[in-house]
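The values are calculated or read from the model by the stated rules, or taken from the named source; none is laboratory data. Computed from a prediction, not measured in an experiment: that's the story for all the values here. Neighbour counts are summed over all protein chains in view; Cβ atoms, including those assigned to glycine, are modelled from backbone coordinates with ideal geometry. When the accessible area is computed, the model is the full protein with side chains, heavy atoms only, and any ligands, DNA or RNA have been set aside. Shrake-Rupley method; radii C 1.70, N 1.55, O 1.52, S 1.80 Å.
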Amino acid sequence: MVMKSVHRECIEEENKYRWLESEKAGYDLGEGCVYRWVKDHWTGYLRARWVEHLQGRCFWIELSGNDFGLLTRAFHNHAELLDTILNKLKTGAENLDIISWAISNNIPIGPVYEILEALDVNSQRLSHRFEGPPRGNISAA
């Protein structure tokens with residue numbers, strides 16, 4: 001089983017982003033660029049790692065061990081619905097968005113609730129290592 005740290009891997013993603021954006025700008029954009037990555041990408045990055053954890057592809061040590069591989073054990077009778085819900089979650093949808101989508105599309109709400117309850121997306125919100133935004137204007141540069 002592959003075991004990784006969300007926070008350690010995140011630093012690599014931040015550095016790649018900083019390097020690419022700095023190359024475009026022609027100079028090092030500094031920590032402000034990293035803060036922009038956190039603002040724009042942290043939630044999606046974390047959600048993607050969470051889905052890998054649920055699928056049993058990678059054990060992320062910051063996430064609940066009880067959830068590891070959950071999707072290999074559950075919801076086989078609702079595989080298509082589960083895939084749709086996971087895709088919506090990965091792109092930033094919240095539980096209420098998914099419930100509204102299901103109601104609007106006349107999808108039976110029982111299985112939707114069952115999947116959302118098992119996934120428990122709200123319990124998997126990790127804080128980034130930065131506690132707050134940097135002082136000064138982060139959008140400058």
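Over the chain, what is the relative contact order in whole percent, taking alpha-carbon pairs under 8 Å and six or more residues apart?
27
What is the extension gain from Met3 to Val121, computed as 0.36 nm multiplied by their sequence separation minus the C-alpha to C-alpha distance, in nm to one decimal?
Difference between extended and current length: 40.4 nm.
In degrees between 0 and 90, to the nearest 10, how far off the longest principal axis of the chain does helix 95-104 point, with axes built from Cα atoms?
In the chain, helix 95-104 runs at an angle near 50 degrees to the longest axis.
Can you pull the Kirkwood radius for the range 1-102, inverse mean 1/r over Cα pairs, to one decimal in Å?
Averaging 1/r across every pair of different Cα atoms and inverting gives 15.4 Å.
For the pair Glu12/Ile103, report the inter-label distance in nm, with labels modelled 7 Å from Cα in the Cβ direction.
Using points 7 Å along Cα→Cβ, the separation is 4.3 nm.
Enter the accessible area per residue of the range 1-103 (Å², integer; probe 1.4 Å; all protein chains in place).
Per-residue value: 56 Å².
Expected output is a single nm value to one decimal: the length gained when fully extending between Leu20 and His76, i.e. 0.36 nm times separation in residues minus the C-alpha distance. What is it?
Taking 0.36 nm per residue and subtracting the Cα distance, the gain is 16.1 nm.
Relative to the present Cα-Cα distance, how much length would full extension add between Asn87 and Thr43 at 0.36 nm per residue of separation?
Gain on extension, Asn87 to Thr43, equals 14.4 nm.
Ignoring trypsin sites (Lys or Arg not before Pro) that are buried or in helix or strand per DSSP, and keeping those with at most 16 other beta carbon atoms within 10 Å, what is the longest stretch of the chain between them?
Within the chain, the longest run free of exposed trypsin sites (Lys or Arg not before Pro) spans 58-124.
Can you tell me which of Ile98, Ile85, Ile11 moves the most in a GNM of the chain? Springs connect C-alpha atoms under 10 Å apart.
Of Ile98, Ile85, Ile11, the most mobile in the Gaussian network model is Ile11.
Within 10 Å of each candidate Cβ there may be at most 11 other Cβ atoms; applying that plus a DSSP loop requirement, which chymotrypsin sites (Phe, Trp or Tyr not before Pro) in the range 1-83 survive?
Within the range 1-83, the qualifying chymotrypsin sites (Phe, Trp or Tyr not before Pro) (loop, at most 11 other Cβ atoms within 10 Å) are Tyr27.
How tilted is helix 79-90 with respect to the longest principal axis of the chain? Cα atoms for both, answer in degrees (0 to 90, nearest 10).
Value to nearest ten degrees: 20.
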